[in-house]
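The values are calculated or read from the model by the stated rules, or taken from the named source; none is laboratory data. Everything numeric here is computed off the predicted structure, so don't read it as measured data. As a convention, Cβ positions derive from the backbone with ideal geometry for all residues, glycine included, and neighbour counts pool all protein chains shown. Note: areas computed on protein heavy atoms with side chains; ligands, DNA, RNA excluded. Shrake-Rupley method; radii C 1.70, N 1.55, O 1.52, S 1.80 Å.
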Amino acid sequence: MTRAPGPGSLAAAERVMERCDRLGAISGSPDLLERVHLSAEHRRANDLVASWMTEAGLSTWQDAGGNQCGRIESSEPGLPALLLGSHLDTVRDAGRYDGMLGVLLAVEVAARFAGRGAELPFALEVVGFTDEEGTRFGNALLGSHALAGTFDPDWWDLADRDGVTLREAFTRFGLDPARIGHAARRPESLVGYLETHIEQGPHLEDADRPLAVVTSIAGARRFELTMTGVAGHAGGTPYDRRHDALVGASELVVEVEALARASGVIGTVGRLQAFPGGINVIPGRVEFSLDLRAATDHERDRALAEITGRAHGICERRGLRFESREIYRADATPCAPWLQDAIASGIRQIVDEEPPALWSRAGHDGMTVSAVTDVAMMFVRCGRGGISHHPDEIVDVHDVALALDAFEAATVEVAERVRAEPGRLGAA
Ligand code: HGY
Ligand code: MN
Ligand code: MN
């Protein structure tokens, strides 16, 4: 039986929802929510979240990767930190809770320990990552790669749709590419990373459960695909002489879905453009995307090989050429059992039921942060069929209140486990 959240928690949850609305109004577009890496909106969102962190009693800084950070010391300053957080950037035409909810819940949990830091055997840090989505430069997780010390210098030459390189945008934002290494955290400075995030799927709503513990995060690979044929006259070119790139690409798009449905892998073509794009011209070239993910890297990569084989088969039959360029890869990430236990125990204390355990079909910053410390996640129920990456994204304030209390309880559970095993403080 789910316990009703306490009045203080409901008020805090209302504050979190109101703050999600305020962040939702910080967009690069007047008609929809889009807040991308190193934009003026990124700056405004960081400043606003920094003010809320300060209000909560955290010391704040923006790290050398553009992430917004805050910290509460324990009784002894300078101890390794438990990181709580999520991301502040969005996809195009986004909802208001993907990422933002987790950052603001982390601020509220930290506020509950402000002045009580001595109760924890570690410092508490909140991080609002930038660029979890990769909306601007195609690659993703650039903020958490900086924190994990896994930023690849080749990425400086990535360019956005206006041709602005990551290096130029970074510099214009007021950051120094030469200093990005200063964002990297040493494993011994961290205890672990906990993220609360909306589920972005229907499972909790279907099960009528408010919260879940996440077992692992799906590994994903993203590609820019090109099919090239021969442009021609839409009227005069007989079908048996056509090399129609759009029909070929369309055949592959349908094959991706059929293969994914049959194998449990998740394949999506989110973008497709035909060239030259004339209404009376057979498309000579099609550029399209592929987002491929699965619970394990093996399943994902096996599906990729199958899709590539089918693409070449289509090209052979239709006299087309197929090219594929990988633009992003993040491997499947298991959540640390000891942190999963802490989250499950936190949920049990608040919701009085055994929490469901789900693998995350969505990618998250924990995939990169796991390079430097153990990670775990808690999911919050999404309404409206779990819709996300869409303005209709929605959560219920009572679930947010339960999530807040469970996230606080999970933090205390981590503290118990660290006290029992001091070696976990900054385990390399
Ligand atoms: O694409 C994802 O899975 C995440 O929302 N970035
Ligand atoms: Mn997202
Ligand atoms: Mn997200």
### Task
Could you check how many residues of segment 131-177 are at positive phi, surrounded by fewer than 22 Cβ atoms within 10 Å (Cβ to Cβ) and within 16 Å of ligand 3 (Cβ to nearest atom)?
1
### Message
I'm trying to understand the selection: among the residues of segment 332-353, which are surrounded by 16 or more Cβ atoms within 10 Å (Cβ to Cβ) and acidic (Asp, Glu)?
### Response
ASP341
### Query
Out of (1) open to solvent by 10 Å² or more (accessible area, probe 1.4 Å); (2) within 16 Å of ligand 2 (Cβ to nearest atom); (3) free of Cβ contacts under 8 Å to residues at least 60 places away in the same chain; (4) of a type in the set (D, E, K, R), what's the single condition that is false for ARG44?
(2)
### Task
Enumerate the pairs (first residue in segment 166-191 and in the same structural domain as LEU141 (by TED's automatic domain parsing) and more than 13 Å from VAL369 (Cβ to Cβ); second residue anywhere and open to solvent by 90 Å² or more (accessible area, probe 1.4 Å) and among the basic types (Lys, Arg)) with beta-carbon separation below 9 Å, excluding pairs fewer than 6 apart on the same chain, so at least 6 apart or on different chains.
PRO177/ARG167
### Task
For segment 91-100, indicate whether the set of residues that are within 16 Å of ligand 1 (Cβ to nearest atom), at positive phi and assigned to a loop (DSSP other than H, G, I, E, B) is non-empty.
yes
### Residue check for HIS203: under 16 Å from the mean Cα position of the chain (by Cα) and either open to solvent by 20 Å² or more (accessible area, probe 1.4 Å) or within 16 Å of ligand 2 (Cβ to nearest atom) (or both)
no
### Verdict on GLY181 being away from ligand 1 (no atom under 16 Å from the Cβ), of a type outside the set (Asp, Glu) and at pLDDT 95 or above
yes
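Just name the residue that is nearest to PRO187 (Cα to Cα) out of those in segment 131-155 that are within 16 Å of ligand 2 (Cβ to nearest atom) and in a helix (DSSP H, G or I). Steps first, answer last, please.
Residues of segment 131-155 that are within 16 Å of ligand 2 (Cβ to nearest atom), as a first pass: 131-144.
From what's left, in a helix (DSSP H, G or I): 142-144.
Details: LEU142: 19, GLY143: 17, SER144: 14 Å.
Across segment 131-155, the extreme among qualifying residues is SER144.
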#### Entry: Residues being assigned to a strand (DSSP E or B) and either surrounded by fewer than 21 Cβ atoms within 10 Å (Cβ to Cβ) or not assigned by TED's automatic domain parsing to the domain that holds LEU23 (or both) - total across segment 109-130
0
### Query
Quick one: what pairs do we get from segment 140-154, first residue without any contact (Cβ under 8 Å) to a residue 24 or more places away in the chain, second buried (at least 24 other Cβ atoms within 10 Å of the Cβ) and among the hydrophobic types (A, V, I, L, M, F, W, C), C-beta under 9 Å, 6+ apart or different chains?
none
### Message
Looking at segment 367-396 only, could you name the residues that are charged (D, E, K, R) and touching a helix residue (DSSP H, G or I) at 6+ places or on another chain (Cβ under 6 Å)?
### Response
ASP374, ARG381, ASP392
### Task
Filter segment 348-400 down to residues that are of a type in the set (Phe, Trp, Tyr) and within 14 Å of ligand 2 (Cβ to nearest atom), then give me how many there are.
1
## Note on the structure
Scanning segment 107-130 for residues that are within 16 Å of ligand 3 (Cβ to nearest atom) and of a type outside the set (Val, Ile, Thr) gives GLY128, PHE129
### Message
For segment 358-377, check the following and say yes or no: at least one residue is surrounded by 17 or more Cβ atoms within 10 Å (Cβ to Cβ), closer than 15 Å to ILE198 by Cα and away from ligand 1 (no atom under 16 Å from the Cβ).
### Response
yes
### Query
Restricting attention to segment 63-90, which residues are hydrophobic (A, V, I, L, M, F, W, C), in a loop (DSSP other than H, G, I, E, B) and either more than 23 Å from ASP176 (Cβ to Cβ) or within 16 Å of ligand 3 (Cβ to nearest atom) (or both)?
LEU79, LEU88
### Summary
Sole miss for LEU290 among (1) over 29 Å from SER360 (Cα atoms); (2) open to solvent by less than 20 Å² (accessible area, probe 1.4 Å) is condition (1)
### Message
Being open to solvent by less than 50 Å² (accessible area, probe 1.4 Å) and touching a residue at least 60 places away in the same chain (Cβ under 8 Å) is the filter here; which residues of segment 245-262 pass it?
### Response
ALA245, GLY248, GLU251, LEU252
